[in-house]
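Novice: Structure below; questions to follow.
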Amino acid sequence: MFADGEKDHLLSYNGEILVFQLTRSKAAESGAYKTMSTLHFKRLAFDPGTGHFSQKGSGQFGFKGVNLKIICCSCAVDSRTGMVLPCVLIHKRRKKSGGTKYVLLLLHTPDDLECCLKFQLDYEIADDVQLCDGPTVLWRRQSSLCYISPQTKTVSNALVEFPSVKWAGESEDEGLVVVGVKSVHLPVDGDGPSLSLSDGVIWGSEFIGYALEKQKLVTTGGLLPHGYSCVLACMHVFVAEDHDGRPRTNVVAATSKKQLLWFQDGVPMDTCQLPFEEPSRIQLASTGNGDMVFVVFFNPSEACAVWKDSFQVAASWQGVRSVHVDDFIGAGSEQILVLFKDSSSNTDLLSAFKITDFGEVNYESGLPVSEAEAATDEGLEIRFRTLQALETRLQAGMASVQELQQHLQLKESVLTESCAALMDLSQGRKHVLPSALEEGLVSLWDDLEPPCTPSDGVKEMPQPDPGHLVERVWQRVVDDRWVVGVKLTDSADLSLSDVSLSLLMERGFHPVSPVTACHSDVLKLTTLPVSARQMEPLAKRMKLGHQSNEALARGSTARLPSDAPPDWARTVTAVTELSPLLALRNVTCLVLLHATKARQQSGCSESHERLTLPCGRISVRLEDVVGGKHSAALSRDHCTAANRGEDLFAFLAAFHKFTFKIHSHACTLSPLSTWLLRNMKCQPIEHYSDYLLYKGTGNSEDVLLKWTLEGLCEGILVVFCRNQSILFQFLHSLVGMLPPSCVVKQLMLGTQECLENNLAQSLEAEMLTHRRSLTSAINKVEKEFTATSKAEKRTSSFTASLPNSADAVEQCRNELQSAQKQSRAGEHLVLNSDLYREIVLKMTQVQLNTDLLAQKLSCS
């Protein structure tokens, strides 16, 4: 038996190296000797203890004839079982017929080869041969893309030309996809405008994608930009999730300009300069500690590794026979095996190698790097010093962690005690605070001073009875939101302003803060039938916008639309998310009413007092929510006007509000209400006919409408809906129903009246900022000038008395001139640059807000 002279083929599979070799031998058959060919394969596994590869198994497969050659070997998915198996493609040249026979073998068990595909061609395949999943044999002949699989059993050609193949792989939607580059015929002189040389290079080629199973072209815009088609050498495509959990198509491409590029959804993300030329293939490796490495192969015998995170070259190798990626030491992560060319050993292919993951794993030519380092005294000393430094850093880190834990426990104790005091205060109970010593704190105040009592002149203001202010408390569930409403009495409508609600969980439900994270709008209730919604001051909006991360729920509180029904001018709502509360199964919350109460004093003066009143308790149970006990519905029958109003107001509070202005220059909009009822099948809400219910394709209440005619040719349409997707569907139906002359424009900040109020508040804030900034600057400059003058006078007063009268007169004259200069300087004080820059910045920010509001008001 002797080798056929062809080189051996190596393949990594399941942490082992498979070596395939063709040999020839003579065997006696019918009294004559015939030459036979045999495919031998063996499995080699790495032993970390000895640092060598040892044989674990072997097998063979016999052929008749001698003109055999291994084309390629790779791992591919067997579509019958879904398992990844090693594949070997062998071709046999026939001398008589002149054709070539190809055989595709699958390695199932350590010693079992299966012939899964045979086909014959009248030519030899040599260009861009690949073994893909299926398994599918893919190759290129001139500009034709050919392929065959055990399922088709016939050679098929792609319907488009493929001058080159850059990548072939599986796509979730299209199956097996091939990406290549083809030339584009550009116009020449006489056929049209000619291009420059640089434009001809860029636009002279383009990417092409083809799905083999569906036999159709696929777009490549999400892979690479068009301009890289002229320099692309090879590429690798994989799908990975970003920080938000969304799948992203990632492409790593190597160019002929010695560059490695990373694209995400067709957008360039990073670039790296490669150490060698002629890149041929890219492979992804997942090493230890979750690190990802791109292995780039170069022709003829170079390779390098590039970190995925930093996109920098981690290592490069020359004189390489082959590079393999697999878990060779059984560590649970992949390592890179680099086989070097060894001229001293022609029989042992694994005599010179290196296994590394660029971390703890490093083996080279059978000797672990860690053992070689430990064998020397210098290595032991370095390791000992390193361990000492690491131990010191670890102890310091543990001390910092313990200090942070104590600090967090102290903060949690203070927050828990504060929440308990707040609950006792809201329920009218007396709360006794623990002393500083009990909490392990140091008091910053003088404990010897007695606390103030009402007899010292401080009188407690009597709290009003909630029964005279609150008429009814109700709750509704709308989708994933919990709506709590409080209806106030007539007396509250006349005496309270700036009303809002908050929900406070009772004790015993959860160890964290019981205060729900509620964003509150400020309301001003008046004697008008409909209360106008006011914007809150900028400082308060900023304060309320920073919500705690420890909150149990999020939502918006106390929203009273300006277009609410008349009997709801005294209703305030709180809206919060329901899911975090249902996680506790049964929750009881205390409803707190916050308001400002006006009090008449002597004469015509008026004082305002901020109140916080408990309105009662309200509970939500998981069983009640599942059973639909508190669900809001506008389509239920036999419902009273009060319940109908509560349902409607729950939807208005939980839904998103959009305001549109409809204008027509050619027709009147008076019959728009009739059009909504007749053409769009809207239904008026019972007891509240001003509001219309529009149902889309589903059975749920999707859109609530309120149409107000402001003239013959224009009006305001207020839309309440769950999300913008439903809004777009409704607007599509509305625009199709309206006459062509109608124009629909969204009012981003509401009606013109709301914009005017916001502009007035911004002008007021601008005036106050201007006054405060100038006053502060003048006071600061005057103080600095006064301090400087006093220092100069103090210096002159310590001057020694002069011996003669002439010198004394000269000294008095100098002091008088200095005082005159200081007096003139005090009349022309100058700001320094830092203070002036600070004032200009404040004024610019406020004026910018005013200008934006004025521009929106002019466009409305």
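Novice: Using only protein heavy atoms and a 1.4 Å probe, report how much of MET235 is accessible, in Å² to the nearest 10.
Specialist: In the full protein context, MET235 sits at about 10 Å².
Novice: What ranking of SER664, SER631, SER858 comes out by heavy-atom accessible area, probe 1.4 Å, highest first?
Specialist: Listed by decreasing accessible area, they come as SER858, SER631, SER664.
Novice: Among LYS166/LYS308; LYS257/LYS308; LYS7/LYS258, which pairs are too far apart, with a Cα-Cα distance over 26 Å?
Specialist: Violating the 26 Å limit, Cα to Cα: LYS7/LYS258.
Novice: Sticking with this structure for a sec: Which residues among region 839-860 fall inside the zone where the amide N is under 16 Å from a point 7 Å beyond the Cα of THR769, along Cα→Cβ?
Specialist: Under cut-off, by backbone N: 839-855.
Novice: When all protein chains stay in place, what accessible area (Å², nearest 10, 1.4 Å probe) is found for GLU114?
Specialist: So the heavy atoms of GLU114 present about 50 Å² to solvent.
Novice: Tell me the label-point distance for the pair LYS34, LEU284, using the 7 Å Cα-to-Cβ offset, in nm and rounded to one decimal.
Specialist: Result: 4.9 nm between the two label points.
Novice: I would also like to ask the following. Using 0.36 nm per residue of separation minus the Cα-Cα distance, give me the extension gain between GLU170 and CYS115 in nm, one decimal.
Specialist: Difference between extended and current length: 17.4 nm.
Novice: Right, next: From the protein chains alone at 1.4 Å, what is the descending order of accessible area for LEU22, LEU816, largest first?
Specialist: LEU816, LEU22
Novice: Given a Förster distance of 22 angstrom, what is the FRET efficiency for CYS639 paired with GLN724, based on the Cβ-Cβ distance and rounded to 0.05?
Specialist: Computed FRET efficiency for CYS639 and GLN724 comes out at 0.15.
Novice: In what sequence, largest accessible area first, do LYS597, LYS629 appear using a 1.4 Å probe?
Specialist: From most exposed to least exposed: LYS629, LYS597.
Novice: Moving on. About the Cα centre of region 668-747, how large is the charge dipole given +1 on each Lys and Arg Cβ and -1 on each Asp and Glu Cβ? Please answer in debye to the nearest 20.
Specialist: Here the size comes out at about 200 debye.
Novice: Quote to one decimal, in nm, the extra length available between LEU709 and ALA819 on full extension: 0.36 nm per residue of separation minus the C-alpha distance between them.
Specialist: The LEU709-ALA819 span can extend by a further 32.2 nm.
Novice: Give the accessible area for LYS681 in Å² (nearest 10); use a 1.4 Å probe, count only protein heavy atoms, and leave out ligands, DNA and RNA.
Specialist: Probe radius 1.4 Å; accessible area of LYS681 about 150 Å².
Novice: Something else: Give me the extension gain from THR489 to LEU835: residue separation times 0.36 nm, minus the current Cα-Cα distance, reported in nm with one decimal.
Specialist: Extra length from THR489 to LEU835 when fully extended: 119.4 nm.
Novice: Say R0 is 51 Å: what FRET efficiency, to the nearest 0.05, do SER144 and THR50 get from their beta-carbon distance?
Specialist: With R0 = 51 Å, the Cβ-Cβ based efficiency is 0.50.
Novice: Along the Cα→Cβ direction, 7 angstrom out, place labels at GLU403 and HIS431. What is the inter-label distance in nm?
Specialist: 3.1
Novice: Another one. Suppose each label sits 7 Å from its Cα in the direction of the beta carbon; what would the THR844-SER301 distance come out to in nanometres?
Specialist: 6.5
Novice: Turning to a different aspect of this structure: Using a 1.4 Å probe on the protein heavy atoms, what percent of the accessible area of region 641-691 belongs to carbon and sulfur?
Specialist: 52
Novice: Then there is this: Net charge near GLN60, counting Lys/Arg +1 and Asp/Glu -1 over other residues with Cβ under 12 Å of its Cβ?
Specialist: -1
Novice: How high is the FRET efficiency from ASP480 to HIS687, r the C-beta distance, R0 35 Å, rounded to 0.05?
Specialist: In this case the efficiency is close to 0.80.
The values are calculated or read from the model by the stated rules, or taken from the named source; none is laboratory data. Not measured: the values here are computed from a predicted model. Methodologically, a virtual Cβ is constructed for each residue, glycine included, from the backbone with ideal geometry; neighbour enumeration extends over all protein chains shown. SASA here: full protein model, heavy atoms, side chains in, ligands and nucleic acids out. Shrake-Rupley method; radii C 1.70, N 1.55, O 1.52, S 1.80 Å.
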